[in-house]
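Worksheet for the structure shown next.
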């Protein structure tokens with residue numbers, strides 16, 4: 001269900017979505033117009049878009065990784081590896097721990113949540129709406145690859161683009177000819193690197209995106225990857241902004257400009 005407060009914020013939003021004909025067309029129109037709407041409303045639209053884009057997908061890693069697009073993730077480290085848990089769920093656990101220290105001792109809080117892996121993936125189907133599974137983003141290469149495939153599916157479904165997205169562990173030999181910040185922190189990191197300034201923020205994801213055919217890109221970028229940067233805020237929360245993928249790609253036609 002779409003957020004009623006968002007509808008009240010702009011009484012024309014409902015009419016614009018209906019006139020667009022599909023959720024996808026409505027979402028694209030709002031993004032391209034730069035409509036100022038509550039982030040939760042955009043999140044709900046993205047969730048619906050991904051529901052359609054991933055229809056029939058049985059890869060639970062992809063489905064869990066897709067949640068990053070529309071639900072903020074709280075980062076924590078387990079054995080020095082980055083883990084992503086649902087921020088809203090973690091906040092609820094923190095309240096419970098504060099109110100009931102004994103429960104905190106028994107449950108262990110976020111560290112007691114199940115980490116998605118080979119042996120428990122089948123349980124995702126019955127608990128996806130509860131958002132209780134941790135994604136081992138830093139520990140499991142398959143988790144980052146799944147996130148990359150979600151990006152490709154998102155762009156294919158919305159823009160009809162065929163792209164290849166490859167995760168990178170190290171930022172070596174990176175030519176930032178063009179970059180897209182997948183969230184505000186990622187954008188800040190890219191801007192700092194672009195202008196040769198020290199990076200103050202934390203980079204948690206680096207992906208190389210290639211568009212097929214290269215002729216679909218601006219001439220000055222064709223043949224070179226677009227770097228996608230995902231960052232983490234000082235509060236250890238990752239707040240992805242999928243709109244940047246729509247507005248920031250260097251396409252030869254359509255929306256242009258850096259996110």
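The values are calculated or read from the model by the stated rules, or taken from the named source; none is laboratory data. Because the structure is a prediction, the values reported are computed rather than measured. Note that each Cβ is placed from the backbone with ideal geometry, even for glycine, and that neighbours are counted across all protein chains shown.
Evaluate the following for residue 246: is it farther than 16 Å from residue 172 by Cα, surrounded by 14 or more Cβ atoms within 10 Å (Cβ to Cβ) and in contact with a helix residue (DSSP H, G or I) (Cβ under 6 Å, 6 or more places away or on another chain)?
Yes.
Testing residue 12 on (1) loosely packed, with under 15 Cβ neighbours inside 10 Å; (2) modelled with pLDDT of 90 or more, one condition comes back false. Which one is that?
(2)
Has region 162-175 got at least one residue that is closer than 22 Å to residue 82 by Cα, crowded, with 16+ Cβ neighbours inside 10 Å and in contact with a helix residue (DSSP H, G or I) (Cβ under 6 Å, 6 or more places away or on another chain)?
yes
Kindly provide the set of residues from region 33-81 that are on the phi > 0 side of the Ramachandran plot and in contact with a helix residue (DSSP H, G or I) (Cβ under 9 Å, 6 or more places away or on another chain), ordered by number. So that I can check it myself, show each step before the final result.
Here is the first cut: in region 33-81, the ones on the phi > 0 side of the Ramachandran plot are 34, 56, 79-80.
Across region 33-81, the qualifying residue is only 34.
Looking at region 217-253, which of its residues are more than 22 Å from the chain's Cα centre (by Cα) and within 17 Å of residue 159 (Cα to Cα)?
217, 218, 252, 253
Filter region 177-209 down to residues that are surrounded by fewer than 18 Cβ atoms within 10 Å (Cβ to Cβ) and in a strand (DSSP E or B), then give me how many there are.
Count: 3.
Go through region 89-112 and count every residue that is at pLDDT 85 or above and surrounded by 12 or more Cβ atoms within 10 Å (Cβ to Cβ). Let's see the steps before the verdict.
Residues of region 89-112 that are at pLDDT 85 or above, as a first pass: 89-93.
Then drop every residue that is not surrounded by 12 or more Cβ atoms within 10 Å (Cβ to Cβ), which leaves 89-91, 93.
Adding up the residues that qualify gives 4.
Quick one: which of 39, 89 is over 17 Å from the mean Cα position of the chain (by Cα) and not assigned by TED's automatic domain parsing to the domain that holds residue 228? Break it down into steps so the answer makes sense when it comes.
On the way: 39 fails: over 17 Å from the mean Cα position of the chain (by Cα).
None of the others qualify; the one that does is 89.
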